[in-house]
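Right, I'll just put the structure down here and ask away after.
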Amino acid sequence: MRKKTVVLLSVTLIAAAGIGLAAATFRQSDDNVLRVANQKGQVKAMMIASGVLDGAPYTVEWSEFPAAQPLLEAVGGGAADLGLAADAPFIFAYQSGSPVKAIAVQAPANQAAQALAILVKTGSSIRIPRDLVGKSIATTRGSIGHHLLLQALERANIPADKVRVTLLPPGDAKAAFDSGAIDAWATWTPYTNVAIKEGARVVVDAKDYGLPLYIDIAHADSIAPKRALLADFLKREAQAVAWARAHPDQFAQVLAKETGLPLDIARASFDRSNRVSRPIDAGIIAHEQAITHRFQKAGLTDGKRDVAQAFDTSFSDNH
């Protein structure tokens, strides 16, 4: 039997505390606790590997999620102050009424292949997006995979209702893909890395459509009372990303340990999700407006909330 790699969901709270002085002044109302929702294999791994939280004058409580949708539900529901997710799920949650705000943005450092893709089995007859008509495609609702599928259909002039979309969390989607219950799977790293290693073939690669942005997302009511903590965390996060870019092999080892992924998959996952900070500007807002329009056109959201109001640019000077 072929061995499968499974990325497990664990809901774990890990405190990273320290002593020392911060660049910002921390008020008593900050409570000295920042609750951070983490998509497994993302921010926490970089922060731990780089050691940037050492000496932080507050505690970080981490909660773990397998995808952006449940992460954003945690942030939007007030169970977390901050989380990192991609552009599509963020704006999908915002347009669904979630009380979230984007406070920082990261862009891909390169147009890495297969970081986000629509996959099929090796023997599939599906070769181009046009072949998806009438087929069943699994993805996670409002995810970057879902958005990539809509982009591919749009470019091929295929109405969204001409394919059968099955909305599943990543673990269930992988099981359906492995069993042949679906024809294709629109997903992201590390799931793409694992599936390709196990013999999947790429039909649509996001590098041809524009890789997603990644966004630090705060609960709107956490911004005022925890501003100093959020600002300090963003600085440390930027340091962690820079460290990982300079030490990819060391980071891959920590990532492999945290996620249970083989080392080669962990390294490939980093290579395909390497990011740099980018200021929130008119281009970022226009980018999110385009995603909103695409979801709206597909009947997934009414898109009535002002996209510009989804962003809080007051943290820009802290980067």
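Taken together, the values in this text are just the output of simple stated rules run on the coordinates, not laboratory data. Every value quoted in this text rests on a predicted model; they were computed, and no experiment measured them. Backbone-built Cβ (ideal geometry, glycine too); neighbour counts: all protein chains shown.
Put a dot 7 Å past each Cα toward the Cβ at Gln289 and Val276; how far apart are the dots in nm?
In this crude spin-label approximation the distance works out to 2.6 nm.
Which aspartates and glutamates have a Cα less than 12 Å from the Cα of Lys174, not counting those fewer than 8 places away in the same chain?
The reachable aspartates and glutamates, counting only those whose Cα sits under 12 Å from Lys174, are Asp183, Glu198.
With both bridge residues required to lie in the range 116-208, what share of the DSSP beta bridges run antiparallel, to the nearest 5%?
For the range 116-208, the DSSP antiparallel bridge percentage is about 55.
Per 0.36 nm of contour for each residue apart, how much would the distance between Lys162 and Asp178 grow if the chain were fully extended, relative to their Cα-Cα spacing?
The span from Lys162 to Asp178 would gain 3.4 nm if fully extended.
Of the candidates Thr259, Thr59, Thr122, which one comes out as most mobile in a Gaussian network treatment of the chain with C-alpha springs shorter than 10 Å?
With Cα springs under 10 Å in the chain, the top fluctuation among Thr259, Thr59, Thr122 is at Thr122.
Continuing with this model, one more query. Counting other C-beta atoms within 10 Å, and keeping those with at most 10, which DSSP coil chymotrypsin sites (Phe, Trp or Tyr not before Pro) do you find in the range 245-319?
Here no chymotrypsin sites (Phe, Trp or Tyr not before Pro) fit, given the DSSP loop and packing criteria.
Take each uninterrupted DSSP H stretch in the chain, measure its Cα extent along the helix axis, and return the ones at 20 Å or beyond whose mean Kyte-Doolittle hydropathy is at least -1.0.
Within the chain the helices that satisfy the rule are 227-246, 282-297.
Test of understanding: what is the full-extension gain from Arg127 to Ser314, defined as 0.36 nm times their sequence separation minus their Cα-Cα distance?
Stretched out fully, the Arg127 to Ser314 stretch lengthens by 62.7 nm.
Provide the gained length on full extension for the span His247 to Ala107, in nm with one decimal, where the gain is 0.36 nm per separating residue minus the Cα-Cα distance.
48.5 nm
Another question about this same structure. What would the Debye equation give as log₁₀ I(q)/I(0) for the chain at q = 0.08, 0.09, 0.15 Å⁻¹, counting only Cα atoms as equal point scatterers?
Summing over Cα pairs of the chain leads to -0.34, -0.44, -1.22.
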